[in-house]
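Just so it is clear, none of the values below were taken in a lab; they were calculated from the coordinates. This is a predicted model, so every value here is computed, not measured. Reconstructed Cβ throughout: ideal geometry from the backbone, glycine too, with neighbour counts over all protein chains shown.
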Amino acid sequence: MHDHQGRRICEIEGCQDKHFAKGYCKKHYQRYRRHGDPLYTKNFKYKQERTRLLTSAECIIEGCNNNVYVKRICYNHYSQLNNQSSLEHLNTENYLNGEKKELKLCLAFGCKKYEVIGSYCLEHHQLFKKYGSPYVAKTIVYCGINKCKKTHHKKGLCDKHYDLLKETIKAGYN
């Protein structure tokens with residue numbers, strides 16, 4: 001949307017603030033990021049209405065009468081989708097935004113979980129969001145004592161050398 005001077009403004013009806021991101025002004029964009037809804041407010045009536053709308057719908061999985069939790073499915077089925085436990089009863093269809101989509105495996109190499117968000121399973125999506133890649137190089141840090149090949153535990157030392165250090169310090173104070 002544009003105002004009378006041709007500047008882009010927020011897409012929320014009645015809001016004339018300057019566009020910030022994804023079609024929203026800064027205020028509505030922050031609400032969208034934090035709560036998933038650009039119209040979110042702490043207003044009790046709004047929360048009541050939103051809750052009523054969300055919980056009045058039933059899970060779209062065949063044979064399930066539970067209330068909707070998210071993505072048009074109930075909490076139990078959403079948890080199963082995230083935990084990758086038995087998904088056969090989902091009829092290999094994932095219901096996102098009202099569309100039927102086939103369940104696909106996570107794009108991360110070697111991952112056997114199903115995609116949940118943006119072509120990745122929940123774990124790889126979080127890694128991608130945090131690091132820009134679904135993969136994190138695992139660095140192995142060894143104990144700081146020469147010729148000790150155990151991995152470090154605390155303060156750069158393995159368990160054995162850390163305990164020795166603690167005992168030495170304790171003995172020095174007595």
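Data table
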{"item": "Spacing of the two label points (7 Å from each Cα toward its C-beta) at Glu13 and Gln126, in nm", "result": "3.8"}
{"item": "Amide H within-cut-off set for Ala108, under 5 Å, with H built and near neighbours excluded", "result": "Cys121"}
